[in-house]
Structure formats: structure tokens, C-alpha cells
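The structure appears below as C-alpha cells.
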Protein chains: 2
Amino acid sequence: MGWMTWQRFRCQIDCKEYPNDCINENLIKRTADKLVLNGWRDLGYKYVIIDDCWPARKRDSKTNELVPDPDRFPNGMKNVGQYLHSKNLLFGIYLDYGTLTCEGYPGSMNYLELDARSIAEWKVDYVKMDGCYSLPNFQPEGYENFSRLLNTTGRPMVLSCSYPAYISWINNIKLIDWNRLKKNCNLWRVLGDIQDSWSSVVSIINAYKIRNDILPKVAGPGHWNDPDTLLLGNYGLSNDQKRVHFGMWCMFAAPLLISADMDNMDGFSVSLLRNAHLLAIDQDKGGHQAEFVKSRDGVQFWIRQLDGDPIGWAIACFYTIDGGGPIHLFTSLHEFISQAYMITGEHFELIDVFTGVKFNEVKLNETFKIVINPSGIMMYRVKTVDENPGWLRELFPPS
Amino acid sequence: MGWMTWQRFRCQIDCKEYPNDCINENLIKRTADKLVLNGWRDLGYKYVIIDDCWPARKRDSKTNELVPDPDRFPNGMKNVGQYLHSKNLLFGIYLDYGTLTCEGYPGSMNYLELDARSIAEWKVDYVKMDGCYSLPNFQPEGYENFSRLLNTTGRPMVLSCSYPAYISWINNIKLIDWNRLKKNCNLWRVLGDIQDSWSSVVSIINAYKIRNDILPKVAGPGHWNDPDTLLLGNYGLSNDQKRVHFGMWCMFAAPLLISADMDNMDGFSVSLLRNAHLLAIDQDKGGHQAEFVKSRDGVQFWIRQLDGDPIGWAIACFYTIDGGGPIHLFTSLHEFISQAYMITGEHFELIDVFTGVKFNEVKLNETFKIVINPSGIMMYRVKTVDENPGWLRELFPPS
């Protein structure tokens, strides 16, 4: 959880014309201040990550080290790290495995060890390693190499790998060595960049749906699929679409990285991003990624198991139709049982995670009705209310 | 201007499960009440139009007349018309030129004269003639025939023709006889149905852009291009996107037909739909449809001439990029001059139509800066503030 520059601030380096929108020390520091002041940090949004366009155009001519742009980061990156750490925030930065970054700044090719040492010295906590200007075939080995070099620095850092996004694996999951990926990367970008539009959000959800056979299996604590940053607080989503986006990202156990101007966010986005039920689902200690169960009547059914307090499940119904009015969907919990996630027990309580209000109490096969808006979602936290629930009986069978 | 069922209420005929969302007398009457109560009518939203799915499944077995569904319109269509007229509203209804309506209700093929007489008797003021289940090649003649039959009834009715939407004319404008269309139809659907999503809105704007060579030329008082109903008050657009949608529809001199639940609209949509500056532009007596001028830096430039008080122009800048932050666009009025719409004069005042606030006062070639959000728009009403403006000098040349 945290905040990242790319989606909202891109490669804006014109600080004269765009003083509030450019990638510079001020942006990072004012964001850090806001994360602390408004309690975002204490909700878990701790990583502050600078994406592309922070370095100078050339490496240091003597040491070959990466150096930050002197006008935009006049006090250097170590200073930025110190500032963030002084606020109990964590410091993330961007590198690129290729000869250049995606925006044409110096890449880490041939300088992996040097760059690993630089960022360790700057007390970086999280590094996004992008893949522009490198050959996808060499990325798995290259990232593995970089992962080892990071460990050599002695400083623990989260490694976010971009390489799956550079390999068109969606039609052939064998193009990725998922075990190697899990071993070397703490999270990895599954797909290309998100854009600030509903069609982009839908394409990502549908990719998770299509690759339901592999993505939930490879995710877990320490090794996560990353569907990319959150769009909330920006320009391209309606309120219903924001609910779908954030709700599904929580179902996906996604790293929740905001990419917005923290000083200018709409209230609806703010309250979603701070919703305790949704955050608890995303951050559930089990780290189980949601499975796609089925589609019916234009509704996608999803479920994930929750190991946290209370033990149970999160279920989501995403109504994909973009037209007309709300659908009245009749379903039962039984319809949400997936390959990996069995629902056991007799009586269940459903909490509407968006409102926090108890929605219903049902048996496994009991029909209940959900009303869902077009391009909207309903999402519930489900727990057993049996005195001796099924999972308890399994753990402690009656003697 | 008015309200129409299709986009929001589709063919919902299950009034038991969806009492507030189904096509029935109650929906029409409660909408009419709201249009009057909240002053929508007095702003110009006068037409209340029932789209598909109002008839019974079969024509009257004796007279062959279309009859409304007896459960959903128990008092008949004449009663609906009376109710609307008693509120000083206007009554619109849907027919289909083919053998069936799009949703499978009885079509008007072979019954054109009878149906024209029926709706005249019901005191209909507006008829949408759809084109499902008919051959596109025969539509131009068929609609012409129906237009004559409507005139024969002696009751003046607006005729909305769907047929251009059934002919793939976008790559070949010669497939449409535009003069015949203008002569027979008061408005016509240019494209397929709008959906409640940003991608749908963008595709319509881009079609107007691509066919800038023909669409502005054929539009004018009594014969309008119809880009389809408004999505405001529904689920699929962000606030910035709502501004683009409504702003561009006003630039297009579109018939402003709301398709939403008038009892459940978000405040942002309401204030856009009631914005006096935007309504004045849409309804300008000149009826000049906007021309696309150019694209630059991801921004589309549009202009239309205004003959109303004050004489002048409306200009719009639509920032098409869906990502990043606002663009700072430097431009001048000179950049908006189009083939049909010359800007004449020396000094100009620009009013931001969304806020009503004076934005700037400039000369024709003077550079000014506009800040536009991603998937956003800025739109200005422009008038000369010269004592002897150019257009006046042309009309009354100094002797």
C-alpha cells in the first residue's frame, strides 16, 4: 500500500509551467506530508514511490552512478529517503533493466550492481524494475541477477518486476516461469500500464478472469500479482466504476498504490480508499487472491477466502453491462463456490463492505437478491454464524 | 429537448420485479410530474418519448390497430397523451418501419397508414420511426412514404428517422441521400445506439469529427442530426466525461433527450442539464452545428456560430487523453477559425460556459492559456466587445 507517481504525473518534468504536477522533490514531500497529516499512512499507505523521470539525462561522468535531476531533486535522493523515513514512510524508486528507461533516461543495463548499491545507499525500500529497451527473452535471467545483487547490498528491499508485462503470456502461460518469478520478485506487473478509463479497468479484470487458471495460484504473501496502480482521485471513472475498480483490486489482493494528487481528491474516492472493510479484505493475512467463479446474466461472480478476523470469505458480483438500469440478481452463496475456495458451514452473515451494514443472514443454498448498478459491483464479507462452524469442526473434530 | 425511455429503461417489462424501472404508465406519469415540478419543462425539456416495448404483442385482431400493453398501459395511449398535454408537455412514441420492432413487438410494415392514424388520434407530437426488421435499401423510400402519411393525418408531428443508423454510411456519405433525408425527417439518428460508457461517447464524437465534411452542412432548423440520448444521471461517466458529453452535444445542436430516472439523478448531472449557457448554445436560433477544426496535443478544437443574443461563437477544446494530469494549452481564437465559421472582430470576451464566469478578454491572435483535465473539456461563449464589430461593419458598411 502506498502512492506512486506514474499514472497521474507521468513524465512531467516542466516544473515551470506545471509546478504542482512535475516529478520533483516538492511533489514527493508534499505527498508525504499529506499521507501523514490525513492519516493515510496509519491506514497502511506507507510506500512513496517515484516512477520514471527522476534521474538526470546522464550518469555521473566519473563514477557512472545514476544521479537525480539536479533541478528537480536539488538535495539528492538520500535526502528524499531521509525525509520519508523521518515521517515513518517507506521510499520507493524506479529503475529500468534495459539500456534506457521507458522515457529515455539512463537504464541499468551494465550497471545493475552499481545501481543496486546506489539505491541501497539512498535507503530505498522498494524498487520497481521496468523492462523497456531490453529483450524480453533475457529478462527472467536478468531480473534474477538483479534480485541477487539487491540481496548482496544487505538492505532489504521490495522488488517489483515488470517483466511479465513485456511478454505476451496471456495466451500462453508457459511463456512465464512462474516459480522463478515468485522466487525473485515480491510483486510483478501482470499486464501493460493502466490508463485512466473504464475500458482499461475492465480489460485488466477480464485478463484476471481469463487467466483464472494461473494468477490466483501464484499469488501469496511475499509474491503478488500487480494489476497496476489505482485510478481513484483522478478523472476517468464514475462512482460506480470506482467501486468496481477498488473492490476488485481488493479481491485481487493487489498492492494498493494510489496515483493521484493527494491534495486534490474527490470525496468519493477518499472514502473508498479508506474503507476499513475493503482494506481488511485486501490485506487479509492469508493473501488468497480471488478466483473467478462464473458469469451469469452479465454478472461476474468472484470469491476469495479470508483467514483474518473473522475467518470467512469475500464475494463480489460485478455487473458488466454498460447500459439500462440496475439488475436484480437472485443467487445463493452456493453459487460462489470455486475450485479453490469451498464455503463450509450452515448459516452465514453477509456484510455489505461498501456501507459496512449487515445485508443478510442466509443458509448456504438460500436464495437472496442483490441489486447491482450497470458497470457496478456489490461485494460482501461472509462469515459463518454457526455455533460450531464447519471449518471449526474440521480443525477440532468432535471426539 | 425532453426525455426518452430507451437508454435507461430499455425493454424492461417486468413490472412486478422492477416496479420503478419498467415501461408503463406510471413511469411516464411520474416522469412528467417531475419534469413540471422541478422546472425541467420550463427549461425546455418538453418531449416525453416512449421508446420500444409499449405495445401489446399482437395488433387488435379486428381492427389491426396497434394497442398498448393492457397491463402496463391500462388506460390506453390517448390517456397518456392527455396527461402529458394537461401538463403542457409533448407526447412522443416509437414505431418501427419493419415487420417487427427491435424488441419483437409488432412493426408498422404494411400498416403505415393505420399506425399514422392511430398515433394522430392519440395526439402524439413526436414519433421515432425505428428500422429493425426492414431492408435498409428500402428505408429511404419507406420513410418518405410514412412522412407523407403523417402529413395526411393533419396533425403536426416531429418525425425522428432511424434509417441512417442502419446504413453503414460512415465510410461513404453517398450511401445517404441527404436532401431526401432533410426533406422527410425532422431529425435522424446518425449512428447506432449510445451505451452508458465513455467509449461510446467518444466513438460518437469521433464519428462527428470524421464526417465533419457532411454532418454540419445538413443540420439546421427543422432537420437535425441526432447523436442519440444523453447519459447524464446514469452510471457510466465521470464528472469530467459528463461535461464533455453534454458540452459536445450542445455544440452539435443535438436534440437534448435525457434518458435517466428523473427521481434519482446525481447533482452534477442535474446542474449540467440545467446550465443556461449550455442550453442557450444548444438551442441557438441559428441552429449551426459545430465544425471540427483541428487536433493538436491530444486536444480537439471545435467551433459553432451563434446567432442568438449575443451574436458570436461557441468554442470547445476536448482533451482526449485518458491518463496523466491536466494539460496547459496555449492557443488563440485564430486557431478556432473553421471552413464555415469565420471569427470576425478585434476584441473578444470569453465566458466559461460551465461556470458562467468571464474567462478572458483577448484579441483574435492573442495567446491565452486553457487548463483541461484528461477526458475533459473547456468551452467558451465568445462575443466581440468592439464598438463597431466586424459583422456589424459588414451589414452596415460605413458610407
For the structure I just gave you, tell me whether A:LEU150 is among the hydrophobic types (A, V, I, L, M, F, W, C) and buried (at least 19 other Cβ atoms within 10 Å of the Cβ).
yes
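Yes/no per residue for (1) surrounded by fewer than 23 Cβ atoms within 10 Å (Cβ to Cβ); (2) over 14 Å from the mean Cα position of the chain (by Cα):
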{"site": "B:ILE258", "(1), (2)": "no, no"}
{"site": "B:ASN264", "(1), (2)": "yes, yes"}
{"site": "B:GLN283", "(1), (2)": "yes, no"}
{"site": "B:ALA290", "(1), (2)": "no, no"}
{"site": "B:LYS294", "(1), (2)": "yes, yes"}
Criterion (more than 14 Å from chain B (Cβ to nearest Cβ), surrounded by fewer than 23 Cβ atoms within 10 Å (Cβ to Cβ), hydrophobic (A, V, I, L, M, F, W, C) and on the phi < 0 side of the Ramachandran plot) met by exactly one of A:LEU84, A:LEU66, A:LEU95, A:LEU90
A:LEU90
If you go through B:SER332, B:SER271, the only one that is assigned by the TED database to the domain that holds B:GLY376 and surrounded by fewer than 23 Cβ atoms within 10 Å (Cβ to Cβ) is B:SER332
Can you give me the number of residues within the stretch B:156-196 that are closer than 30 Å to A:SER375 by Cα and over 17 Å from the mean Cα position of the chain (by Cα)?
4
If I ask for residues that are hydrophobic (A, V, I, L, M, F, W, C), in a loop (DSSP other than H, G, I, E, B) and more than 17 Å from A:LYS128 (Cβ to Cβ), which ones from the stretch A:168-190 would you list?
A:TRP169, A:ILE170, A:ILE176
Got a sec? Which of A:TYR47, A:TYR18 is out of contact with any helix residue (DSSP H, G or I) (no Cβ under 8 Å at 6 or more places or on another chain), more than 14 Å from chain B (Cβ to nearest Cβ) and either under 19 Å from A:GLY233 (Cα atoms) or surrounded by 20 or more Cβ atoms within 10 Å (Cβ to Cβ) (or both)?
A:TYR47
Which of the following residues is touching a strand residue (DSSP E or B) at 6+ places or on another chain (Cβ under 9 Å) and acidic (Asp, Glu): B:ASP96, B:ASP196, B:ASP177?
B:ASP96
Do any helices (runs of 4 or more DSSP H) entirely within the stretch A:225-329 hold 1 or more residues that are within 13 Å of another protein chain (Cβ to nearest Cβ), and if so, which?
A:239-251, A:267-273
From A:LEU278, A:LEU237, residue being farther than 21 Å from B:ASP196 by Cα and among the hydrophobic types (A, V, I, L, M, F, W, C)
A:LEU278
Failed condition for A:ASN75, given (1) of a type in the set (S, T, N, Q); (2) away from chain B (no Cβ under 14 Å); (3) in contact with a strand residue (DSSP E or B) (Cβ under 7 Å, 6 or more places away or on another chain):
(3)
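The values are calculated or read from the model by the stated rules, or taken from the named source; none is laboratory data. Computed from a predicted model, the values in this text were never measured in an experiment. Reconstructed Cβ throughout: ideal geometry from the backbone, glycine too, with neighbour counts over all protein chains shown.
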